[in-house]
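Q: Before I ask anything, let me first share the structure, which is written out below as structure tokens.
The values are calculated or read from the model by the stated rules, or taken from the named source; none is laboratory data. Note that the coordinates shown come from a computational prediction; the quantities given were computed from them, not determined experimentally. Neighbour counts are summed over all protein chains in view; Cβ atoms, including those assigned to glycine, are modelled from backbone coordinates with ideal geometry. For accessibility, only protein heavy atoms count, side chains too; no ligands or nucleic acids. Shrake-Rupley method; radii C 1.70, N 1.55, O 1.52, S 1.80 Å.
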Amino acid sequence: MFEEHKLEHKQSGMVMLQTNIDDMNPEFCPYVSERLLSAGAHDVFWIPILMKKGRPGFLLNVLTHTKYLDAMETIIFEETTTLGMRYVWTECKRLERHSVEVATAWGIIRVKVGVMGGKTVQFAPEYADCEAAAKSYTVPLKMVYEAAKRGYHDLHPLPPRSP
């Protein structure tokens, strides 16, 4: 997690790089994503699309700060088959973020928590922790995930609703 994202804030100076790719081996996508994330991308995602003449392809989207723009361009042009890209200048709203550890029958699982205006508005068990516990104990992943959610609720019950 980026250290600067722990507190709720708006972040300017962001850019979404987009490029359509129709002639690249899809097995390369995870490798390209990891390179981009390691070089400073805040988010990387691929959307399946239909290109000209009905050819299947992908829309690669890379959210990054402008200070990483040169590095992102280099990786995209070196690692994909694209010949060009679009730039969408943007601003991001980010919630305060922290983790809470909860006990489950399969060990401690971290839960990501999102806070807005001092109020928890999102939480989700860490996938990697749930996956490791499920593999280690040979139990369904969804059981570990649900147990972690219940563990979080036990530590942080919802306040009663106002009438």
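Q: Please give the number of the condition residue 115 fails out of (1) closer than 30 Å to residue 140 by Cα; (2) open to solvent by less than 60 Å² (accessible area, probe 1.4 Å); (3) modelled with pLDDT of 95 or more; (4) not polar (S, T, N, Q).
A: Result: residue 115 fails condition (3) only.
Q: So which residues in the stretch 25-49 are farther than 22 Å from residue 89 by Cβ, open to solvent by 30 Å² or more (accessible area, probe 1.4 Å) and in contact with an Asp or Glu (Cβ under 9 Å, 6 or more places away or on another chain), if there are any at all?
A: Across the stretch 25-49, the qualifying residues are 28, 31, 35, 49.
Q: A further question follows. Is there a residue being in contact (Cβ under 8 Å) with a residue 60 or more places away in the chain, touching a strand residue (DSSP E or B) at 6+ places or on another chain (Cβ under 6 Å), in a strand (DSSP E or B) and over 23 Å from residue 110 (Cβ atoms) anywhere in the stretch 31-48?
A: No.
Q: Quick check on the stretch 103-144: of everything there that is small (Gly, Ala, Ser) and in contact with a helix residue (DSSP H, G or I) (Cβ under 7 Å, 6 or more places away or on another chain), which residue is farthest from residue 10 (Cα to Cα)?
A: Of the stretch 103-144, the ones small (Gly, Ala, Ser) are 103, 105, 107, 114, 117-118, 124, 128, 132-134, 136.
Restricting the remaining residues to those that are in contact with a helix residue (DSSP H, G or I) (Cβ under 7 Å, 6 or more places away or on another chain) gives 103, 105, 107, 133-134.
Details: 103: 33, 105: 38, 107: 36, 133: 35, 134: 36 Å.
Once the filter is applied, the top-ranked residue is 105.
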